[in-house]
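J.: I am attaching a structure below and will ask some questions about it afterwards.
The values are calculated or read from the model by the stated rules, or taken from the named source; none is laboratory data. A quick note: this is a predicted structure, and the numbers were derived from the prediction, not measured. Cβ sites come from the backbone with ideal geometry, for glycine too, and all protein chains shown count toward neighbours. Areas reflect the complete protein model, heavy atoms only, side chains present, ligands, DNA and RNA absent. Shrake-Rupley method; radii C 1.70, N 1.55, O 1.52, S 1.80 Å.
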Amino acid sequence: MAAVQDGQLNLEVEKDIKTEITNDGSGNINANSSSPGSTSSGGKSKSPAGSGEDQQTLLAVLQFLKRNKLTESVDILRREAGLSADADDSPVSESAGAGSGGVPSVGADGGDANSLLSRVSIATPVAPPATAPPKVVAASGGEDQPDVNVVLSAYSQQGDPVLYPLYYNGLKKFIESVLDCHRAELSQVFYPLFVHMYLELVYNNHENEAKQFFEKFSGDQECYYEEDLRILSSMSKKEHMKGNETMLDFRTSKFVLRISRDSYQLLKRHLQERQNNQIWNIIQEHLYIDIFDGMPRSKSQIDAMSGSLAGEGKRDANKAKVFYGLLKEPEIEVPLDDEDEEAENEEGKPKKKKPKKDSMGSKSKKQDPNAPQQTRIPLPELKDSDKLDKIMNMKEATKKIRLGPDNLPSICFYSFLNAYQGLTAVDFTDDSSLIAGGFADSTVRVWSVTPKKLRRVKSAADLSNIDKESDDVLERIMDEKTASESKILYGHSGPVYGISFSPDRNYLLSSSEDGTVRLWSLQTFTCLVGYKGHNYPVWDTQFSPYGYYFISGGHDRVARLWATDHYQPLRMFAGHLADITCTLFHPNSNYVATGSADRTIRLWDVLTGNCVRILTGHKGPIHSLAFSPNGKFMASGATDGRVLLWDVGHGLMVGELKGHTDTIYALKFSRDGEILASGSMDNTVKLWDTLKAFDDVELDDFTAATGHIHLPENSQELLLGTYMTKSTPVIHLHFTRRNLLLAAGAYNP
Amino acid sequence: ISNHEVFIYAILPTMAEERRPKQCTVVLPTESMKAMAESIGVGQLQEESCAALSEEVSYRIKEIAQDALKFMHHGKRRKLTTSDIDHALKLKNVEPLYGFQSQEFIPFRFASGGGRELHFYEEKEVDLSDIINTPLPRVPLDVSLKAHWLSIEGVQPAIPENPPPAPKEQQKAESTEPLKVVKPGQEEEGSIQKGQGAISAEAKGKKEGLMRMKPRSTHELSVEQQLYYKEITEACVGSCEAKRAEALQSIATDPGLYQMLPRFSTFISEGVRVNVVQNNLALLIYLMRMVKALMDNPTLYLEKYLHELIPAVVTCIVSKQLCLRPDVDNHWALRDFAARLMAQSCKTFSTTTNNIQSRITKTFTKSWLDEKTQWTTRYGCIAGLSELGPDVIKTLILPRLTVEGARIKAVSEGPVVSNIDKIGADHVQSLLLKHCASVIAKTRPLPDNMEQYRADYGYLGPTLCSHVVKARAQAALQAQQVNRTTLTITQPRPTLTVSQSGIGGSGGSRSPSIIKVPSSLTLMSTRPGTPTQPSPPATKYIVMATSAGASSTQQVLDGSLVITLSSSSGSSVTSTVASATSTLQPLVKLESRGAGGLGGSRPLQKYIVVSLPTSASSSLESKSGMLPPSSSSTSPISLEAGMKMDHTGYVPNGTLLPI
């Protein structure tokens, strides 16, 4: 908290610096900055951006949003635009803060727009923080993508292409020469600068220079950017930039860097001395530098957090309060329990009471301060069958094995044979009685892994003949003739990438390449609803732990929250810069986590639709997420083979588990949260000691406030076991209620 | 249309391989643009247009490839398929390519010439009537679910569903780089007992103290492993053929044996040492079968134990005497078998550092060249050499045919020497003929002139010539893959009428291959008067037949050698002592002392008829020259006779293993 206040206090200083710079250098954009020292043009050569131009930018943004069907954002933006007169009242970001300075410079105008827009982007971060370009480029008429052109237009300003390498080299030399403690921090600038300089060259048709520039400096970039560099390298013409999504990401979102004040001033002083306007412009327009006070971060600290498509998350993006506590369990057990108990055994009773108290009893007495209000979002009423299930759950929980480093779980592996590489998704029911698989041939198959076979409900005609008053009516409605161990569900027209059982085992969700999410009944084994809206492949879907709601996310970068009885989504969570690859509900159902190919994880508030956490640190697309049972922690796995652990409440990375050598497709915490199991494409299941991992983290106020955590290098100590399969990638993991670990994958001879 | 796809595939490997600096330069050649333009009827395409087009196309293809990779990742695969590309195209609102489905990778042909390189997809002309007439392929099996224990309370059980506890690479690493500390993570692996976990922890502690010591490897076997070892070794050398077959099967397939490997290796080498001295042919055969089984096990890293195994095998090839009665016992079969084993190990284990093959070749050649070498050893050397492949035959054996022929002539036509020498010379002759004929048939230009052969190869020339002619004829015939076979007959009554090959086929469920009854056997069965006709009800016969090729004009049986071994089930190992009761000259019957009424209660009769190649049939198939590695199915080593398993009293594969 202290740091935030510091930030506010230091605003004044910040202002001064900004004005200085605008006076000194950034004014002469097109002025030939080739000869350092010779430029001496007055500071205010930038034409003051009139309100008309502001308007134009806004319109462009609106247009962009509309095109992407982000109606919510449009509304918010409209509302905000109406208030734009007093937009200055709350300086949201430090760069915006500069705007409140008295100097009527471009910086101030840009700041206005910035503050306005960044408020939008806080509400719905998809809004591109398109800084008002000082000169609006005359977009070539008749373009079918005017909005994109506006977005790109910022690149219209250009220097001498020959000098780009010189500038870059100069900066490189400077950064290499600064003190060690600053070097790591300042090195962060390289990558975004490199990208934008390259794009600028490409945009201005300096194809050869761009190529040379790329060849010369691409080797310097951190290895985890390789993927993006590859995409970048394929882009060598201005025409390519249109419609390239990655390209738009670079442009529409500012690359966020966190730099300590000292390092930042060092950089600024250098750029001023050298009159290096080209670089300064890029830093100002395309980078968001989040300045903090205190010690500069070390290389390892920076490496831990960087790697996402758009830099790190802003510090204030993770400040919102997250109610990570669990909801109170409804007290339904006691009366029903007794009936059951009397019939069965006597000694089971006292036993059962105890663990209840351990797990949630104390919480159910008084409200957990970190838990959301019980009615924060409306949850479905419990049905009798749900209550019965809960009782079953309690009973099983009493038999649960206490896991720990000395007491590792047994793993039962379900191999899909003869799947011919077609298995794309797996899910278990919570009680582990059913297993479902999604296949590349568009089918969904459900197996019963208990002796109880799958049966279909009788047809309507037959049902009318049933005596509805009889005791075993539930038995009678089932058609014995259809009993089988597995059922196939046909309906999709593309590979099924996501699959999820409803908690009550009555429904099954599947999401597919065909852009739909389908809801299947497990009573009739037919499709009930096809939820359309994504239009592009839907990579993942998941039911809320309380049923009724579900989340889906896919190639269109928007996660949608649905209710089973609405054919349109209730919420759309937009903000990711690339495909949403995995989705997960928080155990209390109030939040939703999404992992994306932009290498960030976002946590969304179901109630407000806001993004409340942006977690960066992965170096590859994220393919698996897991919440700890107490809702406090989260684990994520990516193609880089690392598992990262997060503290949801503080929005901090608290651990890094290295060991896998390929994409991690499955993560699961044990029922008590002591053990994390991870399954990977490298054919292994690994078990990690999470209790120790969370204990080892020292959280003082400072680290909590700044988010600069020292990650202990203890992956090897935390690794409890590695279990190789025989050529079977592990794509799903599940802990039964008794803490037996189930794993699944397709045998791949 | 499929052109596009071809290009996408053609460009993918380049993209993957290219290092970063070159990334922006990967562009399709302009010639491709021209070629494609021409293919759709645009004749004259400007050079600049081509360049612009190729750049654009390359960019789009890369874009599509990137999207396709997404689908691959979400499909949880490592291999990009055509459907991924179809989906990526769909994403871009491009009509996907229909009818170009391929599960596997697309076999591109590569051609270059005139400085141009070309990847192309070969489209063969297909005769529709062929497709229509071929029977439908079997319906692929449906997806099914199978559960197994990957781990039980943190310990991975050694069951076939799990990978071998110590993968071959690790075994190799342990033996070649003993200083390398056990990889963390692997130390937890199930097979390794708690004790070793402690040791590796200890090793870790040492490492911290900058002390690197060779980690102590555990040679302690758990009680279950000891039991297993005892059971297996007893079965391998015991008298019950069914048990032996199961034991060998277990050795050949069980993934968790590596800890017992040193014991097995010592068991074999010691066993050979003792039994060669005692001339115990049967036991030597059993031991060699164990070697074979060990070599067949894909999870074992045998390199470490070759120093024990190879001398044992070589002993069985070249030893002067392997049996009590060299004139009647078929030690030749053992020599052949061991020679094949040797060849197989040369093929799998020979490297530039250990030079096994050249060392072995030298050993064989040296003793062959020695004038005083006995016929038995001589036979072994030649067998050992000729199994090493046609090249070895060509360079080492063919040039010596004349000399060898003279030596054989001296024995067979000269003054009567000992019977043993005569038999030996006969065997050497047939062996030479068998191996050389096939090689000559392949290498020598066609006119097969008797005289010419005599001039080239001396005494053996004419016979060789006829063999070569036969070999050529058979090669031309491409006759069915007949040859040395294994036949297992399980039937209630011990009669040797030989339509049993069918029964054997169905009965010998685990038998690697039951192909065809060789002619020699058929002949044999027509003679019920031979000792092969069993008189007591509960006996087992191992009938091994081979024929001396020299007497090819004779009835095959005359040259064949039959060992009949009857023993009681469950009798102890060492009781097998050979005693021969032969009526027909080359027939041998080995009878175990322990043969009593014990086995009388068992109605089941088993015949393992092991036939070694007759000269006639072998000349056909020996053109393969060397054993195909690990092809137990076609391997002529029929000693590994398939048996119908009776599971009584034997715990199946692996369950004995405690780990």
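J.: Need the failing condition index for A:R376 against (1) modelled with pLDDT of 85 or more; (2) more than 8 Å from every other protein chain (Cβ to nearest Cβ); (3) exposed (fewer than 15 other Cβ atoms within 10 Å of the Cβ), just the number.
T.: With respect to (1) modelled with pLDDT of 85 or more; (2) more than 8 Å from every other protein chain (Cβ to nearest Cβ); (3) exposed (fewer than 15 other Cβ atoms within 10 Å of the Cβ), A:R376 is out only on (3).
J.: Follow-up question, since we're still on this one. Exactly one condition in (1) in a loop (DSSP other than H, G, I, E, B); (2) surrounded by 19 or more Cβ atoms within 10 Å (Cβ to Cβ); (3) under 15 Å from the mean Cα position of the chain (by Cα) is not met by A:G609; state its number.
T.: Of (1) in a loop (DSSP other than H, G, I, E, B); (2) surrounded by 19 or more Cβ atoms within 10 Å (Cβ to Cβ); (3) under 15 Å from the mean Cα position of the chain (by Cα), only one is false for A:G609: (2).
J.: To continue, here is another question. Please find, among A:I622, A:I614, A:I601, the residue that is in contact with a strand residue (DSSP E or B) (Cβ under 9 Å, 6 or more places away or on another chain), within 13 Å of chain B (Cβ to nearest Cβ) and over 24 Å from A:V529 (Cβ atoms).
T.: Only one candidate passes the filter, namely A:I622.
J.: From the list B:L145, B:L141, pick out the single residue that is within 7 Å of another protein chain (Cβ to nearest Cβ) and at pLDDT 85 or above.
T.: Working: B:L141 fails: at pLDDT 85 or above.
Of B:L145, B:L141, the one residue that is within 7 Å of another protein chain (Cβ to nearest Cβ) and at pLDDT 85 or above is B:L145.
J.: Please note which strands (runs of 3 or more DSSP E) are completely contained in segment A:626-691 and include at least 2 residues that are open to solvent by 10 Å² or more (accessible area, probe 1.4 Å), among the aliphatic types (A, V, I, L, M) and within 14 Å of chain B (Cβ to nearest Cβ).
T.: none
J.: Please go through segment A:484-498 and pick out each residue that is touching a strand residue (DSSP E or B) at 6+ places or on another chain (Cβ under 7 Å), within 14 Å of chain B (Cβ to nearest Cβ) and part of a loop (DSSP other than H, G, I, E, B).
T.: Listed by number, the residues that qualify are A:E485, A:H492, A:G494, A:P495.
J.: What is the one condition in (1) part of a loop (DSSP other than H, G, I, E, B); (2) within 14 Å of another protein chain (Cβ to nearest Cβ) that A:L711 does not satisfy?
T.: (2)
Okay, residues lined up against (1) over 15 Å from A:T443 (Cα atoms); (2) more than 14 Å from chain B (Cβ to nearest Cβ):
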position: A:L463; (1), (2): yes, yes
position: A:D467; (1), (2): yes, yes
position: A:S500; (1), (2): no, yes
position: A:D504; (1), (2): yes, yes
position: A:L528; (1), (2): yes, yes
position: A:W539; (1), (2): yes, no
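J.: On to the next question. Within segment A:439-461, count every residue that is within 14 Å of another protein chain (Cβ to nearest Cβ), surrounded by fewer than 19 Cβ atoms within 10 Å (Cβ to Cβ) and among the β-branched types (V, I, T).
T.: Number of matching residues: 3.
J.: Sticking with this structure for a sec: Across segment A:394-421, what is the number of residues that are more than 8 Å from every other protein chain (Cβ to nearest Cβ) and either open to solvent by less than 20 Å² (accessible area, probe 1.4 Å) or not hydroxyl-bearing (S, T, Y) (or both)?
T.: 12
J.: Could you tell me whether A:D695 is open to solvent by 10 Å² or more (accessible area, probe 1.4 Å) and at pLDDT 75 or above? Before the answer, list the steps.
T.: Numbers: open to solvent by 10 Å² or more (accessible area, probe 1.4 Å): yes; at pLDDT 75 or above: yes.
Here the answer is yes, as A:D695 does meet what is asked.
J.: Using the structure shown, decide if B:A35 is surrounded by fewer than 16 Cβ atoms within 10 Å (Cβ to Cβ), of a type outside the set (S, T, Y) and at pLDDT 80 or above.
T.: Yes; evaluated as a whole, the condition is true for this residue.
J.: On to the next question. Please state which of the following conditions A:L561 fails to meet, knowing it meets all the rest: (1) of a type in the set (A, V, I, L, M); (2) surrounded by fewer than 24 Cβ atoms within 10 Å (Cβ to Cβ); (3) within 14 Å of chain B (Cβ to nearest Cβ).
T.: That leaves (3) as the condition not met.
J.: Any residue that is facing chain B (nearest Cβ under 10 Å), buried (at least 18 other Cβ atoms within 10 Å of the Cβ), assigned to a helix (DSSP H, G or I) and out of contact with any Ser or Thr (no Cβ under 8 Å at 6 or more places or on another chain) - is there at least one of those in segment A:241-255? Show your work before the answer.
T.: Filtering segment A:241-255 down to residues facing chain B (nearest Cβ under 10 Å) leaves A:243-246.
Okay, now just the ones that are also buried (at least 18 other Cβ atoms within 10 Å of the Cβ), so A:244, A:246.
Next, from what is left, pick out any that are assigned to a helix (DSSP H, G or I): A:246.
Pick out the ones that are also out of contact with any Ser or Thr (no Cβ under 8 Å at 6 or more places or on another chain) and you get A:246.
Yes, there is a match, as at least one residue in segment A:241-255 is facing chain B (nearest Cβ under 10 Å), buried (at least 18 other Cβ atoms within 10 Å of the Cβ), assigned to a helix (DSSP H, G or I) and out of contact with any Ser or Thr (no Cβ under 8 Å at 6 or more places or on another chain).
J.: A further question follows. Within segment A:174-207, track down each residue that is in a loop (DSSP other than H, G, I, E, B) and surrounded by 21 or more Cβ atoms within 10 Å (Cβ to Cβ). Step through it out loud before you land on a result.
T.: Restricting attention to segment A:174-207, the residues satisfying the condition of being in a loop (DSSP other than H, G, I, E, B) are A:178-179, A:188-189, A:204-206.
Matches in segment A:174-207: A:Q188, A:V189.
J.: Test B:T361 against the criterion of being in a helix (DSSP H, G or I), polar (S, T, N, Q) and more than 23 Å from the chain's Cα centre (by Cα), and give yes or no.
T.: Taking the combined requirement at face value, the residue does not satisfy it.
J.: Could I ask something else about it? Among the listed residues A:T616, A:T608, A:T600, which satisfies the condition of being in contact with a His (Cβ under 8 Å, 6 or more places away or on another chain), at negative phi and modelled with pLDDT under 95?
T.: Just one listed residue meets the conditions, A:T600.
J.: Now for a different question. Sort out for me the helices (runs of 4 or more DSSP H) sitting completely within segment B:222-339 that have 2 or more residues that are modelled with pLDDT under 90, aliphatic (A, V, I, L, M) and more than 23 Å from the chain's Cα centre (by Cα).
T.: Numbers: elements: B:223-237, B:241-253, B:261-277, B:281-296, B:306-318.
Because the criterion is at least 2 residues that are modelled with pLDDT under 90, aliphatic (A, V, I, L, M) and more than 23 Å from the chain's Cα centre (by Cα), the helices (runs of 4 or more DSSP H) in segment B:222-339 that meet it are B:223-237, B:261-277.
J.: Could you please let me know if A:K314 is charged (D, E, K, R), modelled with pLDDT of 75 or more and within 30 Å of A:L577 (Cα to Cα)?
T.: yes
J.: Tally up the residues in segment A:716-749 that are open to solvent by less than 10 Å² (accessible area, probe 1.4 Å), more than 7 Å from every other protein chain (Cβ to nearest Cβ) and hydroxyl-bearing (S, T, Y), please.
T.: 1
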